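All of the numbers you see were taken from the coordinates with simple rules; none came from a lab. Note that the coordinates shown come from a computational prediction; the quantities given were computed from them, not determined experimentally. Reconstructed Cβ throughout: ideal geometry from the backbone, glycine too, with neighbour counts over all protein chains shown.
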Amino acid sequence: MQGIGVSEDMRRACWIPIVMLALLAFGPPVLARSADGASVPPQARGLWPFPDDGVTFDNLGEGARLSGVSRTAPGHYRVTVLPETSPINPSPWYAFGIAAERPVRITLDMRYGQTRHRYTPWLLPDGADAWATVAGDAVAVSEAGEAAITLALPAGRSRISAQPPVRLDAIARWQAALVARTHADVLPIGTSVQGRTLEMVAFGNPQAREAVLILGRQHPPETTGMRALQAFVDSVAADDPVARAFLARFRVLVVPVVNPDGVADGHWRTNANGIDLNRDWGLFEQPETRAVATALAQQLQDRSLAFALDFHSTWHDIFYTVTEDPSRAPGGVMHDWLAELDRRFPGRIIERPGPAASTSHVFKNWAFRTYGAPVVTYEVGDDTDAGTLAQLADFGAHAWMRRLGATAPAP
């Protein structure tokens with residue numbers, strides 16, 4: 001594998017000083033510690049120049065994930081992307097830049113260690129208006145799960161990513177707009193392992209006797225879940241009769257990003273300690289889950305929890321529910337909500353109930369055992385297109401608000 005040193009030819013390229021400044025901006029690495037004491041080093045940031053082809057790879061910037069690149073033939077590269085820790089859920093997130101001195105056609109042989117290729121690649125050349133999927137015939141996946149991706153790149157820098165990224169700054173802008181519309185309170189509730197501020201946004205009736213909780217981004221790569229959360233919350237905050245009636249009765253609590261460190265460093269699954277946060281509820285060994293649980297308890301001192309949603313992504317649209325939840329029975333909020341969704345989107349959403357007594361320490365089970373409220377892990381399919389995602393989130397939010405609003409308020 002070629003090193004990170006830059007050739008004299010590439011030094012003359014005008015974009016190299018800018019990229020190097022971005023690299024230096026990350027500062028010295030900070031080692032985190034997992035719960036079992038093993039260190040989880042941060043991703044090494046750098047450049048992989050190939051002057052013979054006039055191409056340079058980089059893993060600079062938030063959410064990038066690239067472990068190494070080697071040239072196997074002119075225009076052919078073996079790209080290695082490794083997770084932050086192992087063993088890990090097989091969600092091989094990749095995101096990196098490719099700068100070309102001239103238009104070029106290249107092939108990337110993707111390698112993820114022991115993990116199979118999962119995500120269809122997306123491409124964004126500098127100056128393009130939007131991310132676009134790489135055409136299906138340009139991606140070949142072997143029986144072993146190894147992918148070969150062929151790209152026709154323009155001159156300049158392009159970015160390739162497992163999904164169109166949803167960066168922390170974009171979420172911050174969305175949150176600011178939500179706060180402006182709803183006059184929400186933004187509550188600092190703690191800090192992540194690396195010191196990023198964790199925030200809860202609270203809007204609706206501040207004197208409400210009932211609250212709903214919405215969580216997002218426990219797992220960094222799950223960007224369709226993040227987009228669904230944003231669309232869902234936007235519908236809850238809409239200026240329409242259903243939303244206004246709902247907000248007059250309920251307090252809405254939203255934690256958009258539970259795992260900001262993992263998002264920033266392009267993690268496949270975990271926080272900066274290498275721990276899957278959705279396996280830490282009830283254990284509370286990590287600062288992020290502790291912060292959310294403590295803030296929720298404070299918000300529920302004088303009110304009850306009416307419902308909780310935890311947004312994620314997976315291969316298909318799935319609602320994970322709790323087997324023992326009485327609201328799953330006919331006439332219950334969960335049952336009637338899912339039935340209404342199925343009538344509007346027949347067969348699209350699969351419900352998979354599981355026992356609350358499970359020892360997996362997922363948020364859903366902990367919240368049900370602790371507060372007795374209906375809880376759903378809302379999984380959005382990796383390939384759910386933007387139009388369907390928006391329709392599903394808007395319809396789902398309004399159906400959810402109507403069903404919850406029809407139930408008797410907590411005593």
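Here is how the numbers come out for the structure above:
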read-out	value
Selected residue (only one of T182, T80, T120, T150 is out of contact with any helix residue (DSSP H, G or I) (no Cβ under 9 Å at 6 or more places or on another chain) and not hydrophobic (A, V, I, L, M, F, W, C))	T80
Whichever residue in the range 267-300 is touching a Leu at 6+ places or on another chain (Cβ under 8 Å) and outside any helix (DSSP H, G or I) and, among such residues, is surrounded by the most Cβ atoms within 10 Å (Cβ to Cβ)	N271
Within the range 367-378, tally of residues that are more than 17 Å from R328 (Cβ to Cβ) and buried (at least 23 other Cβ atoms within 10 Å of the Cβ)	0
Residue in the range 220-233 that is surrounded by the fewest Cβ atoms within 10 Å (Cβ to Cβ), counting only those that are in contact with a Ser or Thr (Cβ under 7 Å, 6 or more places away or on another chain) and either on the phi > 0 side of the Ramachandran plot or part of a loop (DSSP other than H, G, I, E, B) (or both)	E222
Failed item, numbered, when V236 is tested on (1) touching a Pro at 6+ places or on another chain (Cβ under 8 Å); (2) crowded, with 18+ Cβ neighbours inside 10 Å	(1)
Among (1) over 23 Å from the mean Cα position of the chain (by Cα); (2) in contact (Cβ under 8 Å) with a residue 12 or more places away in the chain; (3) assigned to a loop (DSSP other than H, G, I, E, B) - the single one S358 does not satisfy	(2)
Candidates R159, R78, filtered to the one that is under 22 Å from the mean Cα position of the chain (by Cα) and either surrounded by 17 or more Cβ atoms within 10 Å (Cβ to Cβ) or over 19 Å from R227 (Cα atoms) (or both)	R159
Failed condition for G61, given (1) assigned to a strand (DSSP E or B); (2) touching a helix residue (DSSP H, G or I) at 6+ places or on another chain (Cβ under 7 Å)	(1)
Positions within the range 98-154 being in contact with a His (Cβ under 6 Å, 6 or more places away or on another chain) and either over 21 Å from P83 (Cβ atoms) or assigned to a loop (DSSP other than H, G, I, E, B) (or both), in sequence order	T107, G145
First in the range 391-407 and in a loop (DSSP other than H, G, I, E, B), second anywhere and aliphatic (A, V, I, L, M), Cβ under 8 Å, 6 or more apart	T407/A306; T407/V333
